[in-house]
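Reading through the structure tokens given below for one structure.
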Amino acid sequence: MHIAMVSAECAPIAKAGGLGDFVQGLAHELARGGERVEVILPCYDVLRREALTGLREIRADLKVPFQNRLLDCRVFAGTLDGYDCLLIDPRSEDRFFERGCIYGEPDDAERFAFFSRAVLEWLCQADRRPDILHCNDWQTGLIPVLLAELFQSRGLEHTRVCYTLHNVGYQGRVEAAILGQVGLDPARLMVPERLQDPGDPGLANLMKGGIVHAHFVNTVSPRYAWEIQNTEQGMGLQPLLHSHRHKFGGVLNGIDDSVWNPEVDPLIPVNFGPNSLPLKAANRKELRSRMGLESSDKPIIAVVSRLDRQKGVELVQHGIRHTLAEGGQFVLLGSALDPVIDEQFKRLRRAMDASRNCRIELGYDESLAHLIYAGSDMILIPSLYEPCGLTQLIAMKYGTVPIVRRVGGLADTVFDAHYSDKSFEARNGYLFDDPTEDGLESAMSRAFGLWKRFPEYFRQLRINGMRGDYSWRQPARRYLEIYAHVRAH
């Protein structure tokens, strides 16, 4: 099967968050299974080109209509993890992807609308006919619309679209004029049953357009699929998702176990696994040394996260205070785009400077992230909502027990040590429901209690988590079933 995955991100060459990990992990697993996989990305100036092998220009004259102009593009190709990466590079004064970043520009809507049109022009002009176009999030939400409106008649009538929603908090609400810029008819599409935004009839909603026009729509965990249909987490899309429920589902993400595997991880001091758990202690010792924590037998609680409202930053701050009050140590690695949140954590870091039981690192350091997972005892994830979450999966692989809020993919993967209906061998962490300080403390105190009073039971929780299969193997099989389903209908 020929699968073209279209995205704004793909780790490690263009990564801003979990979307990049998703595209890389799924593409790698599908290619390993023998499928023909291509990942199509914008040619950002911040690409990590050294991660690609055989990078070369394969087309110098791709013509893309945009804003009553015909823009010239080059297309580059390289190989990553057994699959091809295609990079679309527009040559115009707009400099769409020469901004020193992936997202965050005032004209993001125009940048990714252009990219969506360019992808389909590339497929037609290069005479490529993928069986599946797998699109992701609002940045590629126009591709299913363009395919239905303009490109099926240009030789792509047999191409089917799978559209994955990674976070419906970002829907691509844009001025309707953008539709005209890529050759669509705003008057035809700006109606309630197509692209008109549910909250503001004057805006086009690109994610809504993708949902309406794709052949199958999914999100990245079964629980989140239910939440965005039935709770406020649907952010206004609940009625639309209900009306398209015949083609909607949830598929839990995986993690790349060639990257996140403590038994072979080259970025940690001592490798270990479920049958050699005592070796984890050497990583804990190194973590304390690197972070300047005092040497002790206190449990280390960690946060490795983007610091924004979705992630429950107020609860993270309370978790730090509660950990220290309980006699534990705390390590945080994260960064905030919001200047208000950034300043909050800078103040907290200054307040904790004198403590040898707390360290806050603002930024991202790949090797430090691996060491934190390997050296910590518990990881805190108090998200207000969480479509899937990879942090808890990685932590469990490294014998670090998650303390999470019961939402989205966290609820699908973490089973409470005390209150789960699973067998004890399947229990792997702690959950709480209310996004309050009391709710958080209830789970943290239970975790501390088990660690202090029943160390053998706590050790078993670690091993239960380490033995789970969080790889991409099962999710990739589910996506292949979805692809086969839409090709047959």
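The values are calculated or read from the model by the stated rules, or taken from the named source; none is laboratory data. Given the structure is predicted, the values throughout are model-derived calculations rather than measurements. Note that each Cβ is placed from the backbone with ideal geometry, even for glycine, and that neighbours are counted across all protein chains shown.
Please work out if F22 is closer than 30 Å to A177 by Cα, in contact (Cβ under 8 Å) with a residue 24 or more places away in the chain and of a type outside the set (G, A, S).
Here the answer is no, as F22 does not meet what is asked.
Starting from residues that are under 20 Å from the mean Cα position of the chain (by Cα) and in a strand (DSSP E or B), keep the ones in region 127-160 and report whichever is nearest to E227 (Cα to Cα).
Ranking the qualifying residues of region 127-160, first place goes to N136.
If the Cβ limit is 8 Å and pairs must be 6+ apart or interchain, which residue in region 142-157 that is in contact (Cβ under 8 Å) with a residue 24 or more places away in the chain and assigned by TED's automatic domain parsing to the domain that holds A118 pairs with which residue that is crowded, with 19+ Cβ neighbours inside 10 Å and hydroxyl-bearing (S, T, Y)?
If the second residue must be crowded, with 19+ Cβ neighbours inside 10 Å and hydroxyl-bearing (S, T, Y), the pairs left are L142/S116; I143/S116; P144/Y163; L146/S116; L147/T159.
Here is a yes/no grid of residues against (1) in contact with a Pro (Cβ under 6 Å, 6 or more places away or on another chain); (2) surrounded by 16 or more Cβ atoms within 10 Å (Cβ to Cβ):
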{"residue": "I228", "(1), (2)": "no, yes"}
{"residue": "E232", "(1), (2)": "no, no"}
{"residue": "M235", "(1), (2)": "no, yes"}
{"residue": "P239", "(1), (2)": "no, no"}
{"residue": "S243", "(1), (2)": "no, no"}
{"residue": "H246", "(1), (2)": "no, no"}
{"residue": "G254", "(1), (2)": "yes, yes"}
{"residue": "E263", "(1), (2)": "no, no"}
{"residue": "R284", "(1), (2)": "no, yes"}
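Please state which one of D131, D89, D107 is under 20 Å from A16 (Cα atoms) and surrounded by 15 or more Cβ atoms within 10 Å (Cβ to Cβ).
Result: D89 is the single residue among D131, D89, D107 that is under 20 Å from A16 (Cα atoms) and surrounded by 15 or more Cβ atoms within 10 Å (Cβ to Cβ).
Return only the number of the condition from (1) over 30 Å from N136 (Cα atoms); (2) assigned to a helix (DSSP H, G or I); (3) in contact (Cβ under 8 Å) with a residue 12 or more places away in the chain; (4) not polar (S, T, N, Q) that A395 does not satisfy.
Answer for A395: the failing condition is (1).
Could you say which residue among I301, I255 is under 30 Å from H28 (Cα atoms), in contact with an Asp or Glu (Cβ under 9 Å, 6 or more places away or on another chain) and not small (G, A, S)?
Answer to the check: I255.
If you take the residues in region 347-369 that are part of a loop (DSSP other than H, G, I, E, B) and of a type outside the set (G, A, S), which one is nearest to the chain's Cα centre (by Cα)?
Residue satisfying both the conditions and the ranking: Y364.
Results for (1) polar (S, T, N, Q); (2) modelled with pLDDT of 95 or more; (3) surrounded by fewer than 17 Cβ atoms within 10 Å (Cβ to Cβ), shown as yes or no for each residue.
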| residue | (1), (2), (3) |
| --- | --- |
| I320 | no, yes, no |
| S335 | yes, no, yes |
| K346 | no, yes, yes |
| R349 | no, yes, yes |
| D353 | no, no, yes |
| G363 | no, no, yes |
| I372 | no, yes, no |
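Out of everything in region 1-50 that is surrounded by fewer than 20 Cβ atoms within 10 Å (Cβ to Cβ), among the hydrophobic types (A, V, I, L, M, F, W, C) and modelled with pLDDT of 95 or more, what residue ends up being farthest from E481 (Cα to Cα)?
V46
Give just the number: which of (1) part of a loop (DSSP other than H, G, I, E, B); (2) in contact (Cβ under 8 Å) with a residue 40 or more places away in the chain; (3) closer than 30 Å to F248 by Cβ does D434 not satisfy?
Condition not satisfied by D434: (2).
Looking at D412 and the list (1) farther than 29 Å from A16 by Cα; (2) buried (at least 18 other Cβ atoms within 10 Å of the Cβ), which single condition is not satisfied?
The one condition D412 does not meet is (1).
Applying the selection to region 1-42, what residues are assigned to a helix (DSSP H, G or I), within 15 Å of I143 (Cβ to Cβ) and of a type in the set (D, E, K, R)?
Result: no residue meets the conditions.
Considering each of D108, D81, D89, D137 in turn, give the residue that is touching a residue at least 40 places away in the same chain (Cβ under 8 Å) and more than 24 Å from L55 (Cα to Cα).
Every option except D137 fails the conditions.
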